[in-house]
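Worksheet for the structure shown next.
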Amino acid sequence: MLLEAAGIKKVFGKLTALDGAALNVGENEFHGLIGPNGSGKSTLMKCIAGAEVPTQGKVSFVNTDITAFTPTERARAGMSLKFQITSVLPSLTLYDNILLALQAQSSLFDLVFSRTRGALHDQVMTMLTQFRLADRAFDAAAALSHGQQQWLEIAMALAGKPKLLLLDEPTGGMSLEERRVTGELLQPIKRHCSLVIVEHDLDFIRDICDRLTVLDQGKVLASGTVSEIQANTSVQEIYLRRA
Amino acid sequence: MANAFVAAFEILSFGAIIVLIVLGLGIIASMMGIFNFAQGEFVLLGAYITYLTYAKGLPIWAGMVAAPFVVGALGFVLEALIIRRFYAAPIVAMLGTYALGLIIREAVRGLIGGFYLTVPEPIGGSIDIGAMHISAWRFTIIIITLLVMGLCYLLLSRTSFGLRVRATLENPSLARASGISTPLIYGATFAFGAALAGLAGALIVPVFSLFADLGLRFLIQGFVAVMVGGVGSFIGPVAGAGVIGTLSAALPWVMAPVVADVLVFVLAIVFIKFRPQGLIAGKGV
Amino acid sequence: MSVVREAIVADVDDEMDGAMAEGAAAERANDRAKAGRKILPIIEGLVLLAALLAPLVLQDYLTVFATRVIILALFALSFDLVWGYAGIMSFGQALFFGSAGYGVALLARDLDITNIFLVLPAGTLIGLTFALLLGGFLLLGRHPSSVIFVSLGTLTGSYAADRLARGWYYLGGQNGIPSIAPMSLGSYDFTEGPAFYYLVLGILVVVYLLCRFLVRSQFGLALAGLRENEQRIAFFGYKAQHLKAIIFTIGGAVAGLAGSLYAFHEGFVWPNMVGVVVSTQVVLYVLFGGSGTLIGAVIGAVIVEGVSFWLSDNYREIWPIILGLLLLLVILFRPLGLISFVLGERERVGSFGAKQKETRNAP
Amino acid sequence: PAPWANAAEAPIKVGIATDLTGPIAYAGNADANVAKMVIKEINAAGGLLGRPLELYIEDTASNESVAVGNVRKLIQRDKVDMVLGGITSSMRNAIKDPIVARGKTLYIYPQLYEGKECTPYLFCTGPTPAQQCDEFIPWLIKNGGKKFALPSANYVWPHTLNVYARKVIESNGGEVVFEEYYPLDQVDFSATVNRIISNKVDVVFNTVIPPGVGPFFKQLYEAGFLKNGGRLACVYYDENTLNINQAAEIEGLASCLDYFKVLTKENPFDAKIQAAYERDFPGNFLFAAGSAATGTYRGLKLWEAAVKEAGKIDRESVAAALDHAKIAEGPGGPAEMVPGKRHCKMKMYTAVAKSGNYEIVGRSNGLVDPKEC
Amino acid sequence: MPEFLDIKHLDAGYGRSQVLFDVSLGIPWRGGVAVLGRNGAGKTTLMKTIVGELPAWKGEVAFDGRDISRRATQERVRAGIGYVPQEHSVFARMSVRDNLAVGSLASKDTSAIDRVLAIFPKLGQRLDQPAGTLSGGERKMLAIGRAMLGDPKLLLLDEPTEGVWIGVIEEITERLIELAKSIAVIIVEQHLDLALRVADYAYVLDRGRVALQGEAGEVRGNPELMRYLAP
Ligand SMILES: Nc1ncnc2c1ncn2[C@@H]1O[C@H](COP(=O)(O)OP(=O)(O)OP(=O)(O)O)[C@@H](O)[C@H]1O
Ligand SMILES: Nc1ncnc2c1ncn2[C@@H]1O[C@H](COP(=O)(O)OP(=O)(O)OP(=O)(O)O)[C@@H](O)[C@H]1O
Ligand SMILES: CC(C)C[C@H](N)C(=O)O
Ligand SMILES: [Mg+2]
Ligand SMILES: [Mg+2]
């Protein structure tokens, strides 16, 4: 297993947002995380990426216990997160946003003496081209529309060549067609990377994921292949229930 | 015993003075996110107005009543002309208000000739209880501070003014989209903070005499108090001011004043380091 | 984190509309016009030229004054590095400047050490050490520190140091340490004058070039990311806090270098030099000139000092008021500093990609 | 200008560096006014060595860094022949090197101070601790009591003065109950007042300075110190500082200085300069001893005498003459430099505040020795 | 009869870059209108211009028969325009309760809040939580609820269902259809089906211009449509 999160509990004051949730993701697996609003998906993602400290539970990644790691250490171990709320670096150019993400793990020496700068140029432009942002490479990121920012963020999250990519609602605000394109963009990374993706769009999830985990009220309701989940009656139930 | 009582009173009264001074600063810092370096000069102006009425032969209390209104009005005007441009950039705001403070301070220095001038208390003398003497005016200040604090609290918690202020300062465009007139709210809040400073200046000038650096003297102490108390609420800075004020009056009772002076700041900064949200984490009023 | 971020973004949004929109529009127009053309190198060249020629045309006393200003420009540079590039608001930069000044003054007073090759490194080291300590305390740790915390923390640090210097007898208390012997090189004494001027100018140019190299390297990009959103880049794997501590320490070292030069040039040190007044002054230089451009810091120092020098001559009793008004006007109408008259936003933030010129044909 | 059309040479340049802005601007402005008055007087009487005097005034702004820059203007640009100024000791320290050592110019420091300034070419014309304490403290013991408290601002002047004062107190049979230092801007003195009251101190020999001194005296008064017969003493208190407190709060405060305005009643020369000053400068900046105004007057006049004696204006000659210069008339009486000491003998007066004015209660027999260097 | 909201030849943008070009649209007194378009087409920009967050460069925005293109946002809102922004749509540091209270500042009707809570029961459980810590979907619900509390006569919704769970989307859709019977609703939505269920009429923006418009069904069936929505 690439990622094993077990018994994750997260308490906010009176509210228990996660109550013993677990998530297992294998190598090169695309894993969907679904569930009603407030079921704890984002919180679980944050606990994995280190943005929140779980009250209880253990996260291990590539067979290392990373529960006590800082976000930086997790990123350096090969984890990358796209937040639900977009957070690109607004006054930097798109180019620099990608470049920044690309060389996050360079040594201080490399940074100061800029030894990687030239070599990265093609990578940056490739990423921008892939995400159809190349013509705006030298605009400030703040000038992008919401959907465009989502793409930029995915590109940035991918830039660091993570072993595990965590995407929290990457297609929010995208049209059907754009979702399709996003799906296509994500497919090729399967060769070198696993993915955990939170999405409400079931069609999208179905198309790209191998396995799904369903959260409800902080607990795992079901976990399995897409067809297993579709057949699961308790899952069908919550789809009918009002939030 | 009697001694302890006097000590407690004196320490408390200085605490109250600091609270009074920090009230306006805290409101502007907490609610508007502006660390107003000119706040000390609003205190100074309040003091100066009181002095003027006294020098013109009018009753002092009249000056004390007028001070918050005049300074508040000035605050309203300054907000519209100057402060308004700073909301997006808190650091620029610090520098801008610093420059503003410099202008006011030097202008007042010119007006009072750089002197230290006494202003008598409207209620002078001391309250004698046996062998103990308690300053009548300091006692009055404690009472007024409590009253003003209470009123501010009510205003912010019981009326929709507080709600509007918080909404405006948190997300101005959304506030406008909720029908709140943000320019008016900004102006009113700043004016309110300035008026409180003016009131503080008016009340403390009999204690400390009038001089151009009167407000400046309390500024850094005020900022530290706001941080210790916690930015983002009304109560936070008040609590912080109470702690800093009483601490800086109390420590000299037990150690060399020079050491006490530095110690207060060191303690404060260490405290903030380990509790960045301050005494009272900033929510609500 | 999202909460804070959201609030900040909201602020930025707010800036985009209303009255600001016109300013932004003009700026962008500037940008467009200047796309492809670089303004900064031209300004830098002009300033250097002026600095080189200054002693030839200035009267002696003005050369001495100019030396002082250049030292202050060096000091301003240290602050710009920390604030303009890394977004760390050091409201206590004087602490490093002044403590280095005190350090070399003590070396000169108590150990008779004035050799330039000893005192300048010593001063730099003192600045560096103090910055490392204070920066380590304020910037590292579990909770990432807010801008306001850091600014008030450094301010308080500088305030407390000022108090300490005033109270501490060994340091001369309120009166400071007067009559410091001149800095020496063998038997040559650097007294105020053209030699000192060119020495200081040489140092400024070297430090400037080093800083310029640093902020234009990929390290500079990391700093830019830091300034924009510290938490975000931590999630990429940057050791954000370390980067901050590093740049803060470098800033302290530069301030220390400036402080030791200042102590020898002026011949005395006094508590204000570590205190809030000088701390604020350096912030003003940088803001006035334009933060985030190294040359802006230099220009700011020159103009603020020059203007106060002139004002105190010509408006003797009210010059602080006039100075305050000028500052206020610049801050109000040119929040990005005087340099923004000629420099567009894009060039100020800079662009860190390689071979960007070839790619620049994009709209 | 016309009257000087046939002056022998170009004007003699007098530099004044003082606090025209900043926290002690009231004193600095008074000093600058005195200088204008004296220079005008000398020029009206035909100048010096047949040459007119020209006055150059620069601001020290209570900011040492600004001060050094501005003083250099005097020295290097205006090339003045002498600089007089600086009020606080820290200012003197900051500017003395640019003037005396690096600037090779004569420097006169006019303010009462802690003593121990023995730099060549630096002449002090204000009172020293010996002059302020030697007769004052015995008077205090007689008219106040034996138990002294020395509350002080934490800087050089109080520290050094207190060392001297303590010696005098103890050698006159008095006792120092406590000596304590406060940050310069401390404004709450409840702990101190409490110690004073509970230790039954007779005399508070105060060296707390503004802004703290106002609240300190007030708290002391409110605690009943004066009512119980305590005596306040403060050696820098002059007419400028009287207004810091209401008259009742400092009733009976004793000070010891080289001049008080009441002297105009008995001393025609004092009446003359006081009147001249008030005519020329009717504003708020008073001609007062604690603000170095009298020291400035004395300094300029002593320098005038020295230049006259030397017959030339170069530093060596003037310094040599100034070393033993005398004036027969000055504020408070005659004054003369103590040869080799670069300090000044003068008459000293003890005065007590009575409902907002001073009354002279004691005076030295002749000139008092500064006992410095 | 004039349209309720009448936009004529509108140009707008950010700084120097123009985003909207000669956009004209009319919104009737009641009923839903959908604004469609791919990412970056200018939908959000249009909304911001209507509500006054962005100034109109050229053209006219008339609301209820009066030209409002020079009025401040808050005045437009008080005149009856409600707005749910796409991003930053809640007061993050304020509690849910206070967010709702801000929404109902203008109206005297205290039971309105209860009605909103009945629609979004989830919010009822989160009343004292800072809105910034709400989950993505909860935040949207809050934003919609807040806008509804102002009793708007015209409601602008910029992607109201982004990040919202299917079950709730259904709920929201029903509410909007209901609302559109009594007031005017402009909805920007990626969920084409949802948008066209709420809307009677639709505009499709492409690169800042109105590329297509017509009755909802008509637009749905238009073969051109997909060309404008695909990137
Ligand atoms: N900092 C916090 N303080 C209090 N409650 C919180 C905090 N963060 C999240 N919650 C609550 O925890 C629950 C889970 O939130 P989370 O963001 O994980 O939901 P989610 O599954 O991502 O939902 P959505 O699909 O709407 O984004 C929510 O009810 C939310 O209100
Ligand atoms: N603050 C801004 N400054 C400059 N340009 C901007 C800004 N915001 C948006 N733009 C540009 O304006 C155009 C329209 O943006 P808008 O946000 O209106 O698109 P949208 O249709 O809402 O897209 P989405 O579906 O992605 O939300 C885009 O090309 C975008 O890059
Ligand atoms: C104002 C006075 C108390 C000044 C004091 N003599 C000093 O040396 O600073
Ligand atoms: Mg979520
Ligand atoms: Mg949009």
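In this structure the amide hydrogen of A:ALA222, modeled in the peptide plane, comes within under 5 Å of the amide hydrogens of A:VAL214, none closer than 5 places in sequence on its chain.
Hand me the GluC sites (Glu not before Pro) from segment A:1-107 located in a DSSP loop with no more than 14 other Cβ atoms within 10 Å, in residue order please.
For GluC sites (Glu not before Pro) across segment A:1-107 that sit outside H, G, I, E and B with at most 14 neighbouring Cβ atoms in 10 Å, the list reads A:GLU27.
Contact with the other protein chains removes 10 Å² or more of accessible area, compared with the isolated chain and a 1.4 Å probe, from these residues of segment B:248-268: B:ALA249, B:PRO252, B:TRP253, B:PRO257, B:VAL258, B:ASP261, B:VAL262, B:PHE265.
Please identify which residues in segment A:181-223 have an amide N closer than 15 Å to a label point set 7 Å out from the Cα of A:VAL62, following the Cα→Cβ vector. Label zone hits: A:192-195.
On chain C, 69 percent of the accessible area sits on carbon and sulfur atoms, based on a 1.4 Å probe. Have a look at E:ALA92, E:ILE183, E:LEU225 and report the one farthest towards the positive end of the charge dipole of chain E, computed about the Cα centre with Cβ charges (Lys/Arg +1, Asp/Glu -1). So the residue we want is E:ALA92. Relative to the longest principal Cα axis of chain C, at what angle does helix C:276-289 sit, 0 to 90 degrees, rounded to 10? Between the helix axis and the principal axis of chain C, the angle is about 50 degrees.
When the Karplus curve 6.51 cos²θ - 1.76 cosθ + 1.60 is applied with θ = phi - 60°, which whole-Hz ³J(HN,Hα) does each residue of segment C:305-316 get, with x for Gly and Pro? Using θ = phi - 60°, the values come out as 5, x, 5, 5, 4, 5, 4, 5, 7, 9, 10, 4 Hz. Projected label points at B:PHE69 and C:GLN59, each 7 Å from Cα along the beta carbon direction, are separated by 5.5 nanometres.
For segment A:136-155, a reduction of at least 20 Å² in accessible area between the chain on its own and the assembled protein chains (probe 1.4 Å) is found at A:PHE138, A:ASP139, A:SER145, A:HIS146, A:GLN148. Of the beta bridges in segment D:7-165, as assigned by DSSP with both residues counted there, near 5 percent are antiparallel.
Ranked by the mean number of other Cβ atoms within 10 Å of their residues, highest first, the peptides B:162-175, C:170-183 fall in the order B:162-175, C:170-183.
Amide H to amide H, with H built 1.01 Å from N, D:ALA17 comes under 5 Å of D:GLU58, D:LEU84, D:GLY85, D:GLY86, counting only residues 5 or more places away or on other chains. Given the options D:PRO98, D:ILE24, D:THR128, identify the residue whose Cα lies farthest towards the positive end of the charge dipole of segment D:1-132 (+1 on Cβ of Lys, Arg; -1 on Cβ of Asp, Glu). Projecting each Cα onto the dipole axis, the largest value belongs to D:PRO98. Helix C:319-333 and the long axis of chain C differ in direction by around 20°, with both axes built from C-alpha atoms.
Accessible surface of D:VAL361, taken over heavy atoms with a 1.4 Å probe and every protein chain present, rounds to 60 Å². Cβ screening of the protein assembly as shown for cysteine pairs under 4.7 Å finds these without a partner: A:CYS47, A:CYS193, A:CYS209, B:CYS152, C:CYS211, D:CYS124, D:CYS133, D:CYS234, D:CYS256, D:CYS344.
If you roll a 1.4 angstrom probe over the protein chains with everything in place, what fraction of the accessible area of chain B belongs to carbon and sulfur, to the nearest %? The partial results should precede the final answer.
Numbers: 6700 of 8950 Å².
Of all accessible area on chain B, carbon and sulfur atoms account for 75 percent.
Between C and E, roughly 1000 Å² of accessible area is buried in total, ligands, DNA and RNA not counted and the probe set to 1.4 Å. Using 0.36 nm per residue and subtracting the Cα-Cα separation, the extra length available between B:LEU184 and B:LEU111 on full extension is 23.1 nm.
Bridgeable aspartates and glutamates around D:LYS265 (alpha carbons under 19 Å apart, same-chain partners fewer than 8 residues away excluded): D:ASP238, D:GLU239, D:GLU278, D:GLU329, D:GLU359. Between B:VAL270 and C:TYR315, what is the label-to-label distance in nm when each label sits 7 Å out along the Cα-to-Cβ direction? Placing both labels 7 Å along Cα→Cβ, they lie 4.6 nm apart.
The alpha-carbon of A:LYS161 sits under 19 angstrom from the alpha-carbons of these lysines, leaving out residues fewer than 8 places away in its chain: A:LYS82, A:LYS190, C:LYS239. For segment A:168-188, a decrease in accessible area of 10 Å² or greater in the assembled protein chains relative to the isolated chain, with a 1.4 Å probe, applies to A:GLU169, A:GLY172, A:GLY173, A:MET174, A:SER175, A:LEU176, A:GLU177, A:GLU178, A:ARG179. Residue by residue, segment B:18-27 carries 3J(HN,Hα) couplings of 5, 4, 4, 5, 7, 3, x, 4, x, 4 Hz when phi is fed to the Karplus relation 6.51 cos²θ - 1.76 cosθ + 1.60 (θ = phi - 60°); x denotes Gly or Pro. Only lysines eight or more places from A:LYS9 in sequence, or on another chain, were considered; those with a Cα closer than 18 Å are A:LYS41, A:LYS46, A:LYS58, A:LYS219.
Using a 1.4 angstrom probe on protein heavy atoms only, the contact between A and E buries about 2500 square angstrom of accessible area, both sides summed. Past the 30 Å Cα-Cα mark, which pairs from C:LYS38/E:LYS58; D:LYS13/D:LYS116; D:LYS40/D:LYS116? Distance filter (> 30 Å) returns C:LYS38/E:LYS58; D:LYS40/D:LYS116.
Backbone geometry of segment B:40-46 corresponds, through the Karplus equation with coefficients 6.51, -1.76 and 1.60 at θ = phi - 60°, to 3J(HN,Hα) couplings of x, 6, 5, 4, 4, 5, x Hz, x marking Gly and Pro. Peptide A:30-40 has a mean shielding of 4, counted as Cβ atoms of other protein chains within 10 Å of each residue's Cβ. Legend: mean number of C-beta atoms from other chains within 10 angstrom of residue C-beta atoms, peptide E:129-136, equals 6. Here is what passes the span test in chain D: the DSSP H helices with alpha carbon length of 27 Å or more along the helix axis and a Kyte-Doolittle mean of -1.0 or above are D:25-44.
Looking at the protein assembly as shown, the accessible area is 34 square angstrom per residue; that uses a 1.4 Å probe and ignores ligands, DNA and RNA.
So, with +1 on the Cβ of K and R and -1 on the Cβ of D and E, and no other charges, what is the size of the charge dipole of chain B about its Cα centre, to the nearest 20 debye?
Dipole about the Cα centre, nearest 20: 720 debye.
Loop-located trypsin sites (Lys or Arg not before Pro) across segment A:88-160 with a Cβ neighbour count of 16 or fewer within 10 Å are A:ARG115, A:ARG132, with loop assigned by DSSP.
Here the protein assembly as shown is treated with +1 on each Lys and Arg Cβ and -1 on each Asp and Glu Cβ, and its dipole about the Cα centre works out to around 520 debye. Taking all protein chains together and rolling a 1.4 Å probe, D:SER198 ends up with roughly 70 Å² accessible. Of the trypsin sites (Lys or Arg not before Pro) found in segment C:93-178, those that fall in a DSSP loop while having at most 16 other beta-carbon atoms within 10 Å are C:ARG142. Annotation: amide H of E:LEU156 within the under-5 Å range of E:GLY82, E:TYR83, E:VAL84, E:ILE186, sequence separation 5 or more or interchain, hydrogens built in the peptide plane. Take D:THR264: with every protein chain present and a 1.4 Å probe, its accessible area is about 40 Å².
Taking Cα atoms, how many degrees apart are the long axis of helix C:218-228 and the longest axis of chain C, rounded to 10 and kept between 0 and 90? Value to nearest ten degrees: 70. Each peptide among E:127-137, D:203-213 gets the average number of other Cβ atoms lying within 10 Å of its residues, and from highest to lowest they stand as D:203-213, E:127-137. The DSSP beta bridges internal to the protein assembly as shown are antiparallel in roughly 50% of cases. Residue by residue along D:56-68, Cβ atoms of other protein chains within 10 Å of the local Cβ number 5 on average. Which links in D:LYS73/D:LYS96; E:LYS8/E:LYS43; D:LYS142/D:LYS354; D:LYS73/D:LYS345 stretch past 21 Å when you go from one Cα to the other? With Cα atoms farther than 21 Å apart: D:LYS73/D:LYS345. Basic side chains Lys and Arg get +1 at the Cβ, acidic Asp and Glu get -1 at the Cβ, and with that the dipole of chain C about its Cα centre reaches some 900 debye. Shown for segment E:106-187: the carbon plus sulfur share of the solvent-accessible area, taken with all protein chains present and a 1.4 angstrom probe, equals 54%. As a calculated quantity, the FRET efficiency between D:THR160 and A:ALA77 at R0 = 60 Å, using C-beta atoms, amounts to about 0.40. Total buried accessible area between E and B, probe 1.4 Å, nearest 100: 1700 Å².
Using 0.36 nm per residue of separation minus the Cα-Cα distance, give me the extension gain between D:ALA45 and D:ASN284 in nm, one decimal.
In short, 83.3 nm is gained.
The values are calculated or read from the model by the stated rules, or taken from the named source; none is laboratory data. Computed from a prediction, not measured in an experiment: that's the story for all the values here. Neighbour counts run over all protein chains shown; Cβ positions are idealised from the backbone, glycine included. Quick note on the areas: whole protein, heavy atoms, side chains included, nothing else; ligands and nucleic acids left out. Shrake-Rupley method; radii C 1.70, N 1.55, O 1.52, S 1.80 Å.
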